[in-house]
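Each value in this text was obtained by applying a stated rule to the coordinates, not by laboratory testing. Note that the structure is a prediction, hence the values are computed from the model and not measured. Please note: Cβ atoms are built from the backbone with ideal geometry, for glycine as well, and neighbour counts cover all protein chains shown.
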Amino acid sequence: MNQADQVPGAIHGRVADEAGRGGDDAGRGYDAVRGGDGAGRGSSGRWDATWWRGAVGGVLAAFAGLAAGSVVAGLLGTRQTPVVAIGSAFIDRVPPWLKDLAIAWFGTNDKTALRVGILTVLLVLAAVGGILAVRRYWAGALITVVLAGVAVAAAATRPDSGQTGFVPSAVAGITALLVLRLFSRRLEPLIDNPDDGVSRRGFLQLSAGVAIGTAAVAALGRIVGGNRAAVAEARAALDLPKPPTLDPPAGVQADGATPWVTPNDDFYRIDTALSVPQILPSDWKLRIHGMVERELELTFDDLLKRQVVHKWVTLTCVSNQVGGDLIGNALWSGVLLKDLLNEAGPSTDADAIQSTSKDGFTAGTPLSTLLDERQSMLAFAMNGQPLPVEHGFPVRIVVPGLYGYVSATKWLTDIEVTRFDQFDAYWTPRGWSELGPIKLSSRIDVPFGKKVTAGQATVAGVAWDQHVGVSKVEVRVDGGPWQQATLATDASIDTWRQWHWTWDAPRGNHVLQVRAFDAKGNPQIEASAPPAPNGSTGLHSVNVVVD
Ligand SMILES: Nc1nc2c(c(=O)[nH]1)N[C@H]1C(S)=C(S)[C@@H](COP(=O)(O)O)O[C@H]1N2
Ligand SMILES: [Mo]
């Protein structure tokens, strides 16, 4: 129950006073409203009682909203807190002369100055809103609604905000409105009854409660969200060497066919990280040590100073079932591991590296696959973008030809040159093979789950055998003779290969099957095997209904 209800007549005080309700205090308040007599004391008392308390309430409501917005931004992994959203939109829209002036005045602190400026304006308006809300809640609330609306609009129109970028600002606005309502209820009795001790105490309690709650929410946000917002911001601010081209080779364009390049947002994600490690590039360090002549320690800047390579590589998970989708193809940019390892000088006795991630995952990779010509790399970009945080930001390993669990360590922090007989990587004691070369496989993607009309129909899919290459794909219908499909051009033996075949489809229920051959002419293994311990085998079959 709010305080007003415990102070009879307070809420309706104005009406009650009008009706001549007695009482010393109430009377003074009433007189003050009327301009009173010589009761200037009453007038200023009334004003004092609500205006500064209203302002405090408005400011606390704004802080509560901002804290809630930051937590939500942290949880969503967006950097669009209300202040950042407004600030970014502002930066995009300021005239050049003002930008120049800001830099002239504040130098490299111009971003901080902008934040402080936005916060100041927000809080002043919030204070005004708080004062208004004591008398007319909606007058004060309108200011909050407009401010939140500006933040939501700013966030929603950010190119980097995604679909959820507006949410933190919306949550901030709603939170501020609710807290403002609490304050307006607490303070309303003081309009007519400035010395009402219960309301005064209630205001103090509410202020303390909101302040403590806001601090707690802000602290919770740090724990739950880690430094997500900061990492998201640092990631967006990175200016990495751009690949010369992002254009994939001309592929198969059939309706429903898997695109040759997997967009970052569609790329499968597999890892053991319950909460994604958040690493600022400025905090990132990699140590290359163990059986080497010279230990190396690299920062993110050191990495960027080295020669950068861009390479299409299809990544595959060992857990992929026959016909499964734990596979994706991307253009990776980074630095060759071969160069770094040779600089460190691996011992001739060493046969492996153990790579470790920030969250303690480890992978064991044969040294030979890192030192040969396949261009294994420390990757920092994926399809021309800084690595998405869930794909290993800021740096991961990419080794063509090996399943991810033995090579593709995300959130990489450490590389130890060692011997396989000296360590067990994360998955080895859990029933998976120490070595994990990718197995030759193929998949049918079209037609899939769709009705096919009798006549000419396109059958299409992908086949892969990274770092060996696919030379041929065949399709058969209802266990009949194998028929050769057409292969699309490939970028290298390290990517998957699209294929298609034109089928003269007769009415009825049919089973389509696919098989691939590697570069040496070996067919894919037809016997079914589950993913464990080193990758599934078997032919992909799909049932098709032809009308
Ligand atoms: N830190 C870390 N890196 C990891 C893993 C992990 O669990 N933790 N999983 C690996 C596995 S099993 C695969 S298949 C690939 C998947 O990479 P992606 O999520 O970018 O597709 O990451 C590898 N790197
Ligand atoms: Mo995997």
Hey, fewest Cβ within 10 Å first, where do THR78, THR272 land in order?
-> THR272, THR78
A correct fewest-to-most ranking of TRP284, TRP496, TRP51 by other Cβ atoms within 10 Å would be TRP51, TRP284, TRP496
Considering only DSSP states other than H, G, I, E and B, which trypsin sites (Lys or Arg not before Pro) in the stretch 399-494 qualify as loop sites with at most 14 other Cβ atoms within 10 Å?
-> LYS450, LYS451
Sequence-distant residues sharing a close amide H with ILE525 (under 5 Å, placed H) | GLY538
C-alpha center-to-center spacing [the stretch 475-547, the stretch 413-458] in angstrom = 16 Å
If you add up the charges near SER471, with Lys and Arg at +1 and Asp and Glu at -1, over every other residue whose beta carbon is less than 10 angstrom from its beta carbon, what do you get?
-> +1
From the cross-link list LYS305/LYS410; LYS311/LYS410; LYS410/LYS450; LYS285/LYS311; LYS410/LYS472; LYS242/LYS285, which pairs have alpha carbons spaced over 27 Å apart?
-> LYS410/LYS450; LYS410/LYS472
Which of VAL145, VAL83 comes first, and how do the rest follow, when ranked by fewest Cβ neighbours within 10 Å?
-> VAL145, VAL83
